[in-house]
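Below: one structure, written as structure tokens.
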Amino acid sequence: MNPLQAAKDIYKQYATFHGRATRRQYWSWFLFQAIVFVGWFIVEVICLIGLTADLAQRGQSGSWDSSVWISSGFWGASFTALLLLYSLFVAASIVPDLAAEARRLHDANFSAWWLLLWLIPITRVGLLIMLCFPTHAGPSRFANEGSWETKSTTDPWASSNFDNNSSSW
């Protein structure tokens, strides 16, 4: 699975916190986000270099007040537009990212409540390790978490040995 396909799958399941996500699906999604970030960062650095060179050429390199930034032309506008665009990408990716992490934890047979570890800085490494755990053999006790209507999963990444007779309640 390539990162673009993983991103499409994750966005299709935008706020689906039940079911499972394999390691390959989750880490392909993670790779997609990393590629977007690195690409954005490189272009932003290029914009900052252009902005700095433009301001130095005009003799305003020591002045970084808002009037200089706004009147800086192409480089300042590009930097601001790209920053806004990346901020929108991050905002649009928060819910699918949390949902994918919840499904990944379910696949490893952990509760999605472990995602609260993101709130405690020192425990984030532990959560990353949990996301690396292999798929739990057999039915996951969280396969239908959040689903009251059905006892089977609609998650295309769910394990093929999912036990449809297990109850989530």
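The values are calculated or read from the model by the stated rules, or taken from the named source; none is laboratory data. Everything numeric in this text was worked out from a predicted model, so none of it was measured. Here the Cβ positions follow ideal geometry from the backbone for every residue, glycine too, while neighbour counts run over all protein chains shown.
A Cβ distance below 7 Å, combined with a sequence gap of six or more or placement on separate chains, defines the contacts here; from the stretch 44-70, residues that are at pLDDT 70 or above and surrounded by 15 or more Cβ atoms within 10 Å (Cβ to Cβ) reach residues that are of a type in the set (S, T, N, Q) and not in a helix (DSSP H, G or I) in the pairs LEU51/SER72; ASP54/SER72; LEU55/SER61; LEU55/SER72.
Is it the case that ARG103 is assigned to a helix (DSSP H, G or I) and either in contact (Cβ under 8 Å) with a residue 60 or more places away in the chain or of a type in the set (Phe, Trp, Tyr) (or both)? Considered against the rule, which asks whether it is assigned to a helix (DSSP H, G or I) and either in contact (Cβ under 8 Å) with a residue 60 or more places away in the chain or of a type in the set (Phe, Trp, Tyr) (or both), ARG103 comes out as yes. Scanning the stretch 1-40 for residues that are over 13 Å from the mean Cα position of the chain (by Cα), in a helix (DSSP H, G or I) and more than 17 Å from LEU88 (Cβ to Cβ) gives GLN5, LYS12, ARG23, ARG24, VAL38.
Matching residues to (1) under 22 Å from VAL36 (Cα atoms); (2) surrounded by 16 or more Cβ atoms within 10 Å (Cβ to Cβ); (3) more than 18 Å from the chain's Cα centre (by Cα); (4) at pLDDT 85 or above:
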residue: VAL90; (1), (2), (3), (4): yes, no, no, yes
residue: ALA99; (1), (2), (3), (4): yes, yes, no, yes
residue: ARG104; (1), (2), (3), (4): yes, yes, no, yes
residue: ALA108; (1), (2), (3), (4): no, yes, yes, yes
residue: ILE120; (1), (2), (3), (4): no, no, yes, no
residue: HIS136; (1), (2), (3), (4): no, yes, yes, no
residue: ARG141; (1), (2), (3), (4): no, no, yes, no
